[in-house]
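Note sheet for the following structure.
The values are calculated or read from the model by the stated rules, or taken from the named source; none is laboratory data. Treat the numbers as computed from the prediction; the structure is a model and nothing was measured. Cβ: placed from backbone, ideal geometry, glycine included. Neighbour counts: every protein chain shown.
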Amino acid sequence: MPSPLSVDLRERVVAAVAAGASCHRAAARFGVSVSSASRWCGQAAREGHVVPKPMGGDHTSQRTEAHAELILAT
């Protein structure tokens, strides 16, 4: 699995868009995808930062464990 791009790069892309560049132009300038630039700008607006979210891990056992009593009873 590839590692997330650096926070510094993300901040430079968001700063370029905030300075008036379009997501397309900022993405081309920094060599990232337009969708990544758009997501980072949205995340910066919503959350105030562009720190990558955790990758990998177990995403399903919490849903299963929530119904553990019913599953074991059955």
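The set of residues from the range 52-67 being within 23 Å of S3 (Cα to Cα) and either more than 17 Å from the chain's Cα centre (by Cα) or surrounded by 10 or more Cβ atoms within 10 Å (Cβ to Cβ) (or both) comprises P52, D58, T60.
Taking A45, is it surrounded by 10 or more Cβ atoms within 10 Å (Cβ to Cβ), within 15 Å of the chain's Cα centre (by Cα) and at pLDDT 95 or above? So A45 fits the description; yes. Just one of the numbered conditions (1) loosely packed, with under 14 Cβ neighbours inside 10 Å; (2) over 13 Å from the mean Cα position of the chain (by Cα); (3) modelled with pLDDT of 95 or more is not true of V13; which one? Unmet for V13, out of (1) loosely packed, with under 14 Cβ neighbours inside 10 Å; (2) over 13 Å from the mean Cα position of the chain (by Cα); (3) modelled with pLDDT of 95 or more: (1). Go through the range 25-50 and report how many residues are touching a residue at least 12 places away in the same chain (Cβ under 8 Å) and in contact with a helix residue (DSSP H, G or I) (Cβ under 6 Å, 6 or more places away or on another chain). Qualifying residue count, the range 25-50: 9.
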